[in-house]
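**Q** One structure follows; several queries about it will come next.
All of the numbers you see were taken from the coordinates with simple rules; none came from a lab. Keep in mind that this is a model prediction, so the values were computed, not measured.
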Amino acid sequence: MIPRLLIATKNTGKLQEMEAILRGMGLAEELVTGLDLPDVDEVGETLEENAILKARTAAEATGLPALADDTGLEVDHLGGAPGVHTARYAGPDATFDDNMDKLLRELEGVDDRSARFVTVVALAFPDGEYVTAEGVVAGRIAEQRRGETGFGYDPVFEIDGRTYAEMSAEEKNRFSHRARALAELGRTLGL
């Protein structure tokens, strides 16, 4: 078990999800938040490259093992876009609302709304070693926003007729892409 683990994200929604999921895993004795870490330019061409970059940068800056993720929404009709550009889909300073507006505009009148969320988590250690894991959840893009919970694209990502934003945090955390990636990390580490 890791004595102190830094969760390397400035996204409060991700932070809350990761803390809730990690509490029951037995990965770390203490979870430390990374909200005051310097920004990291996500220049990787893949989710894995970005997750490793963020985790390694945080581990080097703090001397603590650091856990980071990168998540992409892949929409079949859009050839897998926004993918690695999910957070900045509508531009470098885009809000979640801007990103969802652009996505819904691009899918107006489209029947095939199949999509998947993919998360890659990276656990980096101060010595430069790291391990990664991936989690995927298939679903579809809803015709319009629905629900009041979650963050990011949750109001438009639908599974079995309900968006993530129509689920409680506890329900989403049982099977989400991030939960699956962290569970896979746990299996990789023998937890």
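**Q** Need the full-extension length gain, Val32 to Thr46, defined as separation in residues times 0.36 nm minus the C-alpha distance. One decimal, nm. Walk me through the numbers on the way to the answer.
**A** Values: separation 14, 0.36 × 14 = 5.04 nm, distance 2.62 nm.
Residue separation times 0.36 nm, minus the Cα-Cα distance, leaves 2.4 nm.
**Q** Let me ask something else. Just to be sure I understand, if you calculate Rg/Rh (Cα atoms, Kirkwood Rh) for this structure, which of (i) 1.05; (ii) 0.94; (iii) 0.97 do you get?
**A** (iii)
**Q** How far is helix 177-188 tilted, in degrees, relative to the longest principal axis of the Cα atoms in the chain, given as a value from 0 to 90 rounded to the nearest 10?
**A** Taking Cα atoms only, the helix is inclined about 30 degrees.
**Q** Continuing with this model, one more query. Residue by residue, what Karplus-based ³J(HN,Hα) values in Hz, rounded to whole numbers, does region 74-79 have, using 6.51, -1.76 and 1.60 with θ = phi - 60° and x for Gly and Pro?
**A** Taking θ as phi minus 60°, the curve returns 10, 10, 4, 4, 9, x Hz for region 74-79.
**Q** Continuing with this model, one more query. For region 57-97 and region 123-182, write down the distance between their C-alpha centroids in whole Å.
**A** Value for the Cα centre distance between the two parts: 13 Å.
**Q** Then there's this: As I understand it, the value is the acute angle between the Cα axis of helix 12-23 and the longest principal axis of the Cα atoms of the chain; what does it come to in degrees, rounded to 10?
**A** Tilt relative to the chain: about 60 degrees.
**Q** Calculate how steeply helix 47-62 sits against the longest principal axis of the alpha-carbon atoms of the chain, using the helix alpha-carbon long axis, and give the answer as 0 to 90 degrees to the nearest 10.
**A** Rounded to the nearest ten degrees, it is 40.
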